[in-house]
Structures are given as C-alpha cells and as structure tokens.
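The values are calculated or read from the model by the stated rules, or taken from the named source; none is laboratory data. Remember, predicted model here, so these are calculated numbers, not experimental data. So basically every Cβ, Gly included, is an ideal-geometry build from the backbone, and we count neighbours across all protein chains shown. Remember, those area values only see protein heavy atoms, side chains included, never the ligands or the DNA or RNA. Shrake-Rupley method; radii C 1.70, N 1.55, O 1.52, S 1.80 Å.
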Amino acid sequence: MARALCGLSFELNRQIGLLLQRSGKVEAVIVGDFKGILIPSLSHIRSQGRLKGLRLVHTHLAGEDISDEDLMDLLFLRLDLLSVLKVDDAGLPEKLYSAHLLPDSRDGKNWVFLPPVHPANQEDSFEDFIRALEGEFVRKAGSQKINSTGDRAILVSVSSQTKIRTQESMNELVKLCFSDNVVVLDTFLQRSRKINPRLILGKGKLADIMIRALQLHANLLIFDQELNPSQIRSITSHTELRVIDRTQLILDIFAHRALSREGKLQIEMAQLKYLLPRLSSRDDALSRLTGGIGTRGPGETKLEIDKRRINDRLAKLKRELRKVSKERYRRRSRRRKKDLPVLSLVGYTNAGKSTLLNTLTRSNIVAEDKLFATLDPTSRRLRFPLDMEVVITDTVGFIINLPVDLLQAFKATLEELEEADLLVHVVDLSNPCFRDQMKVVEDLLQDLDLGRIPTLTLFNKCDKVGSDENLLKNVRKEGITISALQRETLQPFLVEAQKTMGKIISF
Ligand SMILES: Nc1nc2c(ncn2[C@@H]2O[C@H](COP(=O)(O)OP(=O)(O)OP(=O)(O)O)[C@@H](O)[C@H]2O)c(=O)[nH]1
Ligand SMILES: [Mg+2]
C-alpha cells in the first residue's frame, strides 16, 4: 500500500492521505496538492475511547518532516497516530515517520515521535500499540479525582480586564461550578486585547486546552464570558467537547435549586428564553453530545420542539406565574395587615445573608459556602432590643453579569423588596473584590427601582479580615462591621436598625 501511495502521489505531484480505522478498513482517501492535504470533517464519527479511532497516513513529496500543521491535525482530530510517508526521487517510499499524543506532557510536549521505519519493516502490531496507549490514557486520568457521574470541566476565561478582576471572576466561576457539583479539572486564563471572534481563543491556546481535556478526561468547557451561538458551535465542533458559558451554568444552578413553584416556573421561563435564539443554530455537533448542562434544563425532548411550541409554553408559563404571584400578593397583604415593618437583607451571593438571618432569629435556614444557596425568599420575625417587632426577609443573592433573563425572572420575587422599609446591604468584607460586589448590588438596586428605600450597609465576615485596622477603619465610615457568626457583634447593628426604622415608621 505504501508503494502504491507513493507511486500515485509521485505521478500526480500531490500528497495523498489515507484515514484508516482500527480494523484496517479505509475510512477515507484524501487527495491534496503538492504541499498539503485537507482533512474532511470527522464530526460524524464517534471516538473509540479517548482517541478518535482513526490513523492518518499521508505522503510528503518535498522531503519535509512532520510539520506543525500535521501535529495540529493529530491534536485537534485526536488521531490514533499520524504518519508521514516520505516519497523519494524515484517515487518510492523512503521511510514512515509517525507521532502520537501523550497522556501527560513530557518536557512541555504533548506528543512524541516514533523512530522512523521503512514501511516494509514495521514489526510492531498497531492493535497492541493502540490498546496500550488507550490504557495509558485511562490510567493517567484515573489517578485524578474522579467523579464519574458529574460533569468534569475545564474553565476558560478570555478577557481584556485587569489581572485581579479576571482572576476573581475565575474564582467565582470555580465556586459556581462547585455549587452545581461540577468537578473543575483545570483553569485557563487568557488576557488579550483583541478577542478572536470565532473561537474566542487563538488556535494554539485552544490546542493546549484540548490536550488537557484529553489528559484529564474532561467532558465540558465552561467559558467565563458569554458566548454567542455561532461561537459555541465552532468551539464545539473544533474540540468535540460540550461548551457552555457562565450564563448557562448559572441557569443550571437555579434550575437545580429552585424549590418553590414560582421559582421553578421562573427558571423554566429563563431557560427557554435563553434557548430560543440559539435554537435554530443547534446542529448535529451539539445534539451528539448528550446529557449534562446545556442539554438538560427544560428537558431534552423540548429541545427538539420548534420555536412556536416554545413560545406557546412561554405564554403558558407567564399565565401560571401571574396566578402564583397573585397568591403571593394575597399572602403579603395578609402580612401587611398585621402591620409589621419589613427589613430586607440584600447583597452579593455568599455574603452571609442567610447566616445573619439565622443568628438574629435563631432559625435554621440553609446557609452554606455555595453560591446561590438561597433562591426562594424566606421571612422571619425579629424582636429588636427595645421591644419592637419587625419582619426580616432573606432574598436571592446578586452576582455580576446576572443573566438578563434571570434578572427579569426574579424581578417578581424581588418585588417583595419594594415593600421593605429598610434594606440591609450585607457585604463580604473578606472578599478582595468587595468594592466591585458592592457596586453590582447598588446598580441592581437602582435597576430594580429600589434606590429610594433607606439602606444600611453591613460589612460582614470581619472575623476573617483579622487585624487589617486600616480597612476596618475605612469601611466603618460607610456602615457597621459585624460577623454574622458571632451574635455578640450584632448589637450595634440592631440598635442602628431600630433607630432608623423607628424614624421611618413614625414618619
Ligand atoms: N468567617 C465567616 N463566615 C461567614 C460569616 N457569615 C457567613 N459566613 C459563611 O459564608 C458562607 C455563605 O453564607 P450564607 O449565609 O449562605 O450567604 P448568603 O448571602 O445567604 O448567600 P446566598 O444565599 O448563596 O446568596 C457560609 O459558609 C457561612 O458560614 C462570618 O461572619 N464570618
Ligand atoms: Mg442565602
């Protein structure tokens, strides 16, 4: 076969390539030009194990070695083996040069070259070789922490922001993954002024990521930046991994965690709205990758229904939501009749709102080190030191770049905030980006038209700041410092809140 390939190649003065299956069957014959060949899309072919299950053998006419382009093919197509057959001056095979991928990087390289061999002198069995290589891939990934049920993700951020912002945003993405039970295998940060509009990343960087995905057995890429449908498509078909963005991850968390009927309805609505513009562009590449975030959500079968039916569903959801919110309104007005003033906790997610409510009212609502631990609002009664009773409500946390559909959806829930007599803005002082977070909350409050309600700022988690006297002194000008875990630190807040509310109410 090598002889025939070389002969034809020599005669045509074009490279010729064969894609071979593991069984030896020829998958495709590719005829290129003098300098190269173009491999057709292989996205319809399912991989065999970690690698593609195809090896490429092609001729080189100008005596050149395995080129960078060849290595890119090896990588992006996850070929079993890539071989170059050099054609000599007489049109006969010189030697076969081969390279394959490695399950872990050696000296910064992710591939290795095999010793060149004349095609007639190949003694090793390809079957044994590929079995051993696949085995090595499985073993190497197996030594990592494996969670076979959940998603295994590599996180990617490409941004033109400052380093600390990019890093903090990535930290937040890691926490979001944790909240959604996604295993984070690795993170890639890239700061760049000009962002590649099609693939977001440069091809070289994408190659690095793919190699890591292959080595760590990842099945998901999560981008910190919002991707448009065509970007998702091209990255998916390039990498053969499921690709989602931050928005989809947040939607997924909400879908998992919403408990109330209203919350569930709102989430389904937000997911459908997110899906709608992306629906027509869902192609085979996506539908092949079954299960997990981005394919779950409103339900696989619904992904197939057409836009009109989604619109019908949306209309129905809207009607149901209206009904539910009427009930909520009735509940609320019952409470209003009792005429207790309302104090509402707001703030960035994970700031400690629920913890504060628990400590204040000795309750036991869910408070944990997860983003969006609270989705459904909770109310409790709280007695102030000077014999005054108020209702205290805990709400969903805010986050930077909150998906628009989600904000829209939760506007209804956040309506409760309109009834608040006092907003208590809880800030996590131990977060290095707490200023940014405060701004996010303040902006969202403005958006929600709540800027007019009196606000008291609480700088929480002081116990974690330690002895940073400067910081404490600074923020005390703007609010009260507390630690929601320590009841005794809350006294100044209670006094201040009562003073403010007393004024508001008597007014
Ligand atoms: N060290 C310390 N940890 C705190 C303090 N307050 C809250 N935490 C921790 O911070 C984490 C988040 O607290 P939550 O009360 O769930 O935060 P939240 O604002 O309700 O967050 P979401 O509901 O997710 O928006 C928990 O692990 C708390 O134990 C504090 O004063 N000091
Ligand atoms: Mg909470």
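The residues in segment 370-387 that are more than 10 Å from ligand 1 (Cβ to nearest atom), more than 23 Å from Ser333 (Cβ to Cβ) and open to solvent by less than 30 Å² (accessible area, probe 1.4 Å) can be counted, and the count is 1.
Checked against (1) touching a helix residue (DSSP H, G or I) at 6+ places or on another chain (Cβ under 8 Å); (2) surrounded by 13 or more Cβ atoms within 10 Å (Cβ to Cβ), Ala120 meets all criteria but (2). Taken together, the criteria place Ser354 among residues that are near ligand 1 (Cβ under 8 Å from one of its atoms) and in a helix (DSSP H, G or I).
Residues checked against (1) farther than 19 Å from Leu458 by Cβ; (2) in contact with a Lys or Arg (Cβ under 8 Å, 6 or more places away or on another chain); (3) not basic (Lys, Arg):
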site	(1), (2), (3)
Lys318	yes, no, no
Ser325	yes, no, yes
Val346	no, yes, yes
Thr361	no, yes, yes
Val366	yes, no, yes
Phe372	yes, yes, yes
Asp376	yes, no, yes
Arg380	no, no, no
Val396	no, no, yes
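Among the candidates Val396, Val440, Val404, the residue that is farther than 18 Å from Pro377 by Cα, within 14 Å of ligand 1 (Cβ to nearest atom) and within 23 Å of the chain's Cα centre (by Cα) is uniquely Val440.
Can you say whether Leu357 is open to solvent by less than 10 Å² (accessible area, probe 1.4 Å), modelled with pLDDT of 85 or more and at negative phi, as far as the supplied structure shows? For Leu357, the condition - open to solvent by less than 10 Å² (accessible area, probe 1.4 Å), modelled with pLDDT of 85 or more and at negative phi - is met. Here Leu360 clears all of (1) near ligand 2 (Cβ under 8 Å from one of its atoms); (2) part of a helix (DSSP H, G or I) except the condition numbered (1).
A count restricted to segment 113-142 and to residues that are β-branched (Val, Ile, Thr) and in contact with a strand residue (DSSP E or B) (Cβ under 6 Å, 6 or more places away or on another chain) stands at 1.
Matching residues to (1) in contact (Cβ under 8 Å) with a residue 12 or more places away in the chain; (2) in a helix (DSSP H, G or I); (3) among the β-branched types (Val, Ile, Thr):
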position	(1), (2), (3)
Arg212	yes, yes, no
Glu226	yes, no, no
Ile235	yes, yes, yes
Leu251	yes, yes, no
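Every condition in (1) charged (D, E, K, R); (2) modelled with pLDDT under 90; (3) assigned to a strand (DSSP E or B) holds for Asp186 except the one numbered (2).
Got at least one residue in segment 465-475 being in contact (Cβ under 8 Å) with a residue 60 or more places away in the chain and either more than 20 Å from Phe493 (Cβ to Cβ) or not β-branched (Val, Ile, Thr) (or both)? Don't jump to the end; show me each part of the working.
Initially, segment 465-475 is screened for residues in contact (Cβ under 8 Å) with a residue 60 or more places away in the chain, giving none.
Within segment 465-475 (the criterion being in contact (Cβ under 8 Å) with a residue 60 or more places away in the chain and either more than 20 Å from Phe493 (Cβ to Cβ) or not β-branched (Val, Ile, Thr) (or both)), the answer is no, since none of the residues qualifies.
Restricting attention to segment 164-187, the residues that are open to solvent by 30 Å² or more (accessible area, probe 1.4 Å) and either charged (D, E, K, R) or within 23 Å of Pro103 (Cβ to Cβ) (or both) add up to 7. Restricting Gly347, Gly294 to those that are modelled with pLDDT under 75, small (Gly, Ala, Ser) and surrounded by 20 or more Cβ atoms within 10 Å (Cβ to Cβ) reduces the list to Gly294. Among the residues of segment 47-56, are any in a loop (DSSP other than H, G, I, E, B) and among the basic types (Lys, Arg)? Yes.
Which residue pairs have Cβ atoms closer than 9 Å, lie 6 or more positions apart in sequence or on different chains, and pair a first residue in segment 384-402 that is in contact (Cβ under 8 Å) with a residue 60 or more places away in the chain with a second residue that is part of a strand (DSSP E or B) and near ligand 1 (Cβ under 8 Å from one of its atoms)? Listed by first residue and then by second, the contacts come to Ile399/Tyr348; Ile400/Tyr348.
In the set (1) crowded, with 19+ Cβ neighbours inside 10 Å; (2) touching a residue at least 60 places away in the same chain (Cβ under 8 Å); (3) among the basic types (Lys, Arg), Lys203 fails one condition alone, (1). All conditions in (1) under 24 Å from Gly36 (Cβ atoms); (2) out of contact with any Pro (no Cβ under 6 Å at 6 or more places or on another chain); (3) outside any loop (DSSP other than H, G, I, E, B) hold for Lys95, with the sole exception of (2).
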